[in-house]
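What follows is a short report on a single structure.
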Amino acid sequence: MSQTDDLIGDDMEGSKKTWPRNKRKKTMKDENAPKKPLNGYVLFMNARRESITKQNPNMQFADITKLLGEEWGSMNEKQRSFYLDSAEKERERYKKKMEEYKKTDSYKKFLEKKGDVKQQPQDLIDKSVEEKRNVTTSVEASHKKHSESNIPIFTEHFLDYNKARESELHQLNKANMAYEKQNIVLDKHVANLKNAVEKLNQEIEEQNLKNFELEKKLTGFRSLLLDAFSEIRIPASGMLPTAENIDTYIAEACEMLQGNIDDRSYVTAVQDVMTKVNFQTLEVSQDEHDD
């Protein structure tokens, strides 16, 4: 390795110590640039925070944020769409404004001030060749010349880029936490829905069983009345009960008995049959079978 390379290598090692982690320069902010848009979740938080604070004046900031996160998690897509659509419109407006702003002299001056105006590749090569020609055996002179090269600029640019990545990672972590909270709320809703469905299925099964028992008793009751009144005609119509008309037969018989009926023999026959029917067991009493 040549003396020149040694000097450059030493200077590069020194440049790594130029910006310690706890002494990094702050990223330069372009005050003239369009303001970055807010996402839908932040728009919702800003819109609801004042109202929640008024309703709960003694609640801590962190608790209000947690409450808003739970409220956001419980909202459906239709309710969220207002904020998400607004955020999307803001993003589109921001993109258009930023495209127009990049064409202005203010943006170009900002880039020059920040040091992001890149040199052409041939200019960099010529500069590097010229620097190597001017390197001397003096360590002090070499260090002075190399400190004017693009290595510190590259280092600063890299640190700014790294800081931007860290900021992006921080935002992603925040979004991830918000999604995790939403998932917790959704999991609770799903569990509650499952319990409700299981309870409804159980109630339906019990009701079906009751209906089956009632239908069974009703069928037995019809059969019982059909056997008991099989030979008793209704005086007005002469109707005899059958499996098809037993409901109509009983309704007409009840209507006649509740009115003024002259045929006392029909009333006596009905009373006699009713005394022999055992409605508890849905069976005709043994006395009738004996007759």
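Do the conditions hold for MET12, that is, is it modelled with pLDDT under 70, of a type in the set (A, V, I, L, M, F, W, C) and out of contact with any Gly (no Cβ under 6 Å at 6 or more places or on another chain)? Yes: the conditions hold for MET12.
In summary, ASN201 fulfils each of the numbered conditions (1) within 26 Å of GLU71 (Cα to Cα); (2) exposed (fewer than 12 other Cβ atoms within 10 Å of the Cβ); (3) modelled with pLDDT of 90 or more with the single exception of condition (1). Could you go through the range 230-239 and let me know if any residue there is over 16 Å from ALA269 (Cβ atoms), without any contact (Cβ under 8 Å) to a residue 60 or more places away in the chain and of a type outside the set (S, T, N, Q). The answer is no, given that none of the residues of the range 230-239 is over 16 Å from ALA269 (Cβ atoms), without any contact (Cβ under 8 Å) to a residue 60 or more places away in the chain and of a type outside the set (S, T, N, Q). In the range 79-92, the residues that are in a helix (DSSP H, G or I) reach residues that are of a type in the set (S, T, N, Q) with C-beta atoms within less than 6 angstrom, at least six apart or across chains, in these pairs: ALA87/ASN39. Is it the case that some residue within the range 259-279 is out of contact with any helix residue (DSSP H, G or I) (no Cβ under 6 Å at 6 or more places or on another chain), in a helix (DSSP H, G or I), modelled with pLDDT under 80 and not aromatic (Phe, Trp, Tyr)? Scanning the range 259-279 turns up at least one residue that is out of contact with any helix residue (DSSP H, G or I) (no Cβ under 6 Å at 6 or more places or on another chain), in a helix (DSSP H, G or I), modelled with pLDDT under 80 and not aromatic (Phe, Trp, Tyr). Applying a threshold of 7 Å to beta carbon distances and a minimum spacing of six or more residues, or different chains, the list of pairs starting in the range 240-252 at a residue that is over 19 Å from ALA269 (Cα atoms) and ending at one that is of a type outside the set (Ser, Thr, Tyr) and assigned to a helix (DSSP H, G or I) reads ALA243/LEU226. The set of residues in the range 42-63 that are aliphatic (A, V, I, L, M) and within 20 Å of LEU84 (Cα to Cα) comprises VAL42, LEU43, MET45, ALA47. Kindly check whether there is at least one residue in the range 37-47 that is at negative phi, more than 21 Å from the chain's Cα centre (by Cα) and modelled with pLDDT of 90 or more. Yes, that holds for at least one residue.
The values are calculated or read from the model by the stated rules, or taken from the named source; none is laboratory data. What you see is a predicted model; the values in this text were computed from it and never measured. FYI the Cβ positions are ideal-geometry reconstructions off the backbone, even for glycines, and counts take in every protein chain you see.
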